[in-house]
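This report refers to the structure that appears directly beneath it.
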Amino acid sequence: MKPRLLDLFAGAGGAAKGYQRAGFYVVGVDIVRQPSYCGDEFHQADALTFPLDGFDAIHASPPCQGYANVTRWRGNQDDHPRLIEATRARLLGHLYVIENVMDAPLLEPTMLCGSMFGLPIRRHRLFECSVKLATPPKCAHKKGHLAFIHKGERAYADAMGCTWMSGKVARQAIPPVYAEWVGRQLLAALEGQSQGDLFPV
């Protein structure tokens, strides 16, 4: 039987796809209906109240708009919820991961970028984890890694590996390879193995 991972603030499942590839059975939770969610199960519910029992690991991607610098260009950060602290308080005592943008107040996070995994994109995201993650390689940005931004949302979503969701929905997603990399280390922690350097996936 596969270990069960709870995917909170699931969106369309960029993280879910990666955790599935790593070997988890993934249960997604989002307060908004997600018809294109790719996990094994989906529940439309509040991520801050959904029961945590029965899961081997938990991933959470709270809304990023309240932390992202880009929100200042488009509006007011104060118009968006900041849920990282409340999420962390719920997850303490579990094997957990919290993912968010570079400006988010995560604790001792690991930064991942598409260029670390051979993707033609630059998409920096932070991962706070209750176990120490392996050190990933440095970014390997190339000039073309920004070109997909100008080719449109569909091209950028496909470059991330989020081919099953719309380009607009993919704006909120992470490339599945990020969660696959993290997920393999969660599995190692569950199995009591030495994590070592698990890069590349």
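The values are calculated or read from the model by the stated rules, or taken from the named source; none is laboratory data. All values derive from a computational prediction rather than experimental measurement. Don't worry about glycine lacking a Cβ; one is built from the backbone with ideal geometry, like all the others, and counts go over all protein chains shown.
Taking only pairs six or more apart or across chains, which ones have beta-carbon atoms under 9 Å, a first residue in the range 1-21 that is over 19 Å from L91 (Cβ atoms), and a second residue that is aromatic (F, W, Y) and in a helix (DSSP H, G or I)?
G14/Y178
Restricting to the range 107-121, and then to whatever is surrounded by 16 or more Cβ atoms within 10 Å (Cβ to Cβ) and among the small types (G, A, S), can you tell me which residue is nearest to I58 (Cα to Cα)?
Top of the filtered list is G114.
Residues A57, A89, A47: which one is modelled with pLDDT of 70 or more and either more than 18 Å from the chain's Cα centre (by Cα) or among the aromatic types (F, W, Y) (or both)?
Answer to the check: A89.
Step by step: first the residues of the range 122-131, then only those that are touching a strand residue (DSSP E or B) at 6+ places or on another chain (Cβ under 9 Å) and of a type in the set (K, R), then the one that is surrounded by the most Cβ atoms within 10 Å (Cβ to Cβ). Which residue is that?
Ranking the candidates gives R125 first.
Of the conditions (1) free of Cβ contacts under 8 Å to residues at least 24 places away in the same chain; (2) assigned to a loop (DSSP other than H, G, I, E, B); (3) surrounded by 17 or more Cβ atoms within 10 Å (Cβ to Cβ), V26 clears all except one; give me its number.
The single condition V26 does not satisfy is (2).
For the range 134-151: of the residues being in contact with a Phe, Trp or Tyr (Cβ under 7 Å, 6 or more places away or on another chain) and within 30 Å of H94 (Cβ to Cβ), which is modelled with the highest pLDDT?
Keep residues of the range 134-151 that are in contact with a Phe, Trp or Tyr (Cβ under 7 Å, 6 or more places away or on another chain), which gives 134, 136-137, 148-149.
If we keep only those that are within 30 Å of H94 (Cβ to Cβ) as well, we get 134, 136-137.
Values: A134: 94, P136: 90, P137: 85.
Across the range 134-151, the extreme among qualifying residues is A134.
Output the number of residues of the range 100-124 satisfying the condition of being charged (D, E, K, R) and modelled with pLDDT of 95 or more.
So the count comes out to 1.
Any chance the range 167-188 includes a residue that's surrounded by 19 or more Cβ atoms within 10 Å (Cβ to Cβ), farther than 27 Å from L48 by Cβ and either at pLDDT 90 or above or not polar (S, T, N, Q) (or both)?
Filtering the range 167-188 down to residues surrounded by 19 or more Cβ atoms within 10 Å (Cβ to Cβ) leaves 169-170, 173-187.
Now drop any that are not farther than 27 Å from L48 by Cβ, which leaves 177, 184.
Remaining after also requiring either at pLDDT 90 or above or not polar (S, T, N, Q) (or both): 177, 184.
Yes: the range 167-188 contains one or more residues that are surrounded by 19 or more Cβ atoms within 10 Å (Cβ to Cβ), farther than 27 Å from L48 by Cβ and either at pLDDT 90 or above or not polar (S, T, N, Q) (or both).
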